[in-house]
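Here is the structure we will look at, set down as structure tokens.
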Amino acid sequence: MATKIDKEACRTAYNLVRDDGSAVIWVTFKYDGSTIVPGEQGAEYQDFIQECTDDVRLFAFVRFTTGDAMSKRSKFALITWIGENVSGLQRAKTGTDKTLVKEVVQNFAKEFVISDRKELEEDFIKSELKKAGGANYDAQTE
């Protein structure tokens with residue numbers, strides 16, 4: 001059966017993360033049968049990491065605050081998590097299903113496909129976002 005996505009519900013969750021006035025900094029999109037729906041959401045990145053277990057595959061939209069002494073701004077990441085115990089067929093489908101998620105999640109600085117929990121480390125993701133962000137004035141002193 002072909003995978004579908006609940007666009008309206010997913011768009012609502014996506015916009016919650018994009019809103020700088022919202023405490024919600026991450027949302028997951030998970031499978032409910034053959035439909036992708038919003039999953040958990042939260043205000044702490046460490047809570048998101050707990051969602052990424054070895055037997056699950058999910059997509060996440062996460063807001064990080066990045067910048068340097070000159071400016072602070074929100075950067076967004078689209079993370080595809082594929083746990084170690086996910087079957088080969090489900091792994092393959094995750095790649096094609098991501099196109100459905102990208103119909104809703106359209107604005108992000110960098111995309112990650114991760115199956116190793118070490119790569120979920122907040123510092124690693126932030127450093128990758130910083131590299132994708134252009135000018136970096138951290139080396140300068142005020």
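Values as computed for the structure displayed
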{"item": "Using θ = phi - 60° and Karplus 6.51 cos²θ - 1.76 cosθ + 1.60, couplings along region 38-49 (whole Hz; Gly, Pro as x)", "result": "x, x, 6, 8, x, 9, 10, 4, 4, 5, 4, 4"}
{"item": "Mean separation of Cα contacts under 8 Å, 6 or more apart, over the residue count of region 9-119: relative contact order %", "result": "23"}
{"item": "Selection from Ala109, Gly83, Pro38, by position along the positive dipole direction of the chain (Cβ)", "result": "Ala109"}
{"item": "Links that overshoot a 30 Å alpha carbon limit, given the list Lys72/Lys102; Lys4/Lys72; Lys7/Lys75; Lys4/Lys130", "result": "Lys4/Lys72; Lys4/Lys130"}
{"item": "Rh (Kirkwood; distinct C-alpha pairs) - the chain, Å", "result": "15.7"}
{"item": "Extension gain from Ser22 to Gln50, taking 0.36 nm per residue of separation minus the Cα-Cα distance", "result": "8.0 nm"}
{"item": "Percent of beta bridges antiparallel (DSSP, the chain, rounded to nearest 5)", "result": "75"}
{"item": "Per residue accessible area of the chain, 1.4 Å probe, in Å²", "result": "55"}
{"item": "Charged-residue dipole, Cβ positions (Lys, Arg, Asp, Glu), the chain about Cα centre, Debye nearest 20", "result": "560"}
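The values are calculated or read from the model by the stated rules, or taken from the named source; none is laboratory data. Fair warning: this is a prediction, and the values are worked out from it, not measured in the lab. Positions of Cβ are generated from backbone atoms using ideal geometry, with glycine treated the same way; all protein chains shown enter the neighbour counts. To get the accessible areas, we keep the full protein, side chains included, count just its heavy atoms, and leave off ligands, DNA and RNA. Shrake-Rupley method; radii C 1.70, N 1.55, O 1.52, S 1.80 Å.
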